[in-house]
1. Kindly indicate the residue of region 218-239 that is open to solvent by 20 Å² or more (accessible area, probe 1.4 Å) and assigned to a strand (DSSP E or B) and also farthest from residue 176 (Cα to Cα) among those meeting that condition.
2. Being in contact (Cβ under 8 Å) with a residue 24 or more places away in the chain and not β-branched (Val, Ile, Thr) is true for just one of 95, 90. Which residue is that?
3. Could you grab me the full set of residues in region 106-151 that are of a type in the set (A, V, I, L, M), touching a strand residue (DSSP E or B) at 6+ places or on another chain (Cβ under 9 Å) and in a helix (DSSP H, G or I)?
4. Among the listed residues 56, 68, identify the single one that is of a type outside the set (Ser, Thr, Tyr) and either modelled with pLDDT of 95 or more or closer than 28 Å to residue 265 by Cα (or both).
5. All but one of (1) more than 19 Å from residue 164 (Cβ to Cβ); (2) assigned to a loop (DSSP other than H, G, I, E, B) hold for residue 95; which doesn't?
6. Inside region 17-62, can you point out the residues that are over 20 Å from residue 260 (Cβ atoms) and of a type in the set (Val, Ile, Thr)?
7. Suppose we filter 174, 195 for residues that are modelled with pLDDT of 95 or more, assigned to a helix (DSSP H, G or I) and of a type in the set (A, V, I, L, M, F, W, C); which single one remains?
Amino acid sequence: MKEFTLTDINTSFSCYNQFANLYKELKDVYFDTINIKLEKWFGANMSAALGGVLDKLDFTASINVSSKNEAILSILKKNGFLANYGYEKNPDVNNTTIQYLKLRASDSRYFNSYVMNELLSRSDLPKMSDSLKKKIAESIYEIFVNAQIHSKSDYIYTCGQFFPHKEKIEFTIVDMGIGFKKHINDSFNFSLSSVQTIKWALINGNTTKKDVPGGIGLSLLTEFIKLNRGKFQIISDDGFYEVGETENSGFLDSPFPGTIVNMEFRTDDTNSYRLSSESDYTDDIF
């Protein structure tokens, strides 16, 4: 049996390093049983990253996920993640989870409905007009479509969690595809680093699509997150990039075998947001 421990998993740089190291340590070795131990804390939205990595390892061996912390087990039963590893699914009576999903790349229509129903319809989010909400949904949908078209990943993993005491909602989308670095460098004969390719992809208008305008389409989403004092993170290959109130970047110890996109929305934001084109609105114009 092989054991690997994930400790205090949230959305920090060191957390993403742990997922990259998990894959590095286990990808070339085979055991009868793999036991993933979760200690101290595990943010439920990171189920998307863990589920993707465990699938990528493609073991014929059995995989166990365990924890001595009952609070960790409880939340991962509520969001449905542990149902994949022999646990019963528990009801989420407090409505703090956004359900864990493993979707085929062809399930884009279902994903769009999931985003609206599970995330953007939550009353905890800041007030926003229906038009802005639709645009944000389109931006999040664009993340799924880019994973679908460019990553060459069979599945896309997504999950979220509402943290009432921390006054935030985390929402995470993961694919196990080729990543930004290889796709963009191969498309344009660039030799950019992983962080440089992530930044390139976020520039409005940059795209690897042929003979069509536009880019990754996330400028509105990232601008909203900045105003909201949240954060937007992309982890791809060994690159880490975060934008929010501040901008941070760095390189993981080893490559993550795909791409993680994580969004944090603050729920203590009392502002109201609308598109600037909705000129009849006189409060905070987005």
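The values are calculated or read from the model by the stated rules, or taken from the named source; none is laboratory data. The shown structure was predicted, so the numbers you read here are calculated from the model rather than taken from an experiment. Note: ideal-geometry Cβ built from the backbone for every residue, glycine included; neighbour counts use all protein chains shown. Accessible surface is based on the protein model in full, side chains and every heavy atom, while ligands, DNA and RNA are left aside. Shrake-Rupley method; radii C 1.70, N 1.55, O 1.52, S 1.80 Å.
1. Ranking the qualifying residues of region 218-239, first place goes to 231.
2. So the residue among 95, 90 that is in contact (Cβ under 8 Å) with a residue 24 or more places away in the chain and not β-branched (Val, Ile, Thr) is 95.
3. Across region 106-151, the qualifying residues are 115, 119, 120, 132, 136, 140, 143, 147.
4. Checking each option against the conditions leaves just 68.
5. The number of the failed condition is (1).
6. Correct list: 29, 33, 34, 60.
7. Every option except 195 fails the conditions.
Conditions tested, residue by residue: (1) over 20 Å from the mean Cα position of the chain (by Cα); (2) more than 20 Å from residue 162 (Cβ to Cβ).
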site	(1), (2)
29	yes, yes
44	no, no
49	no, no
56	no, yes
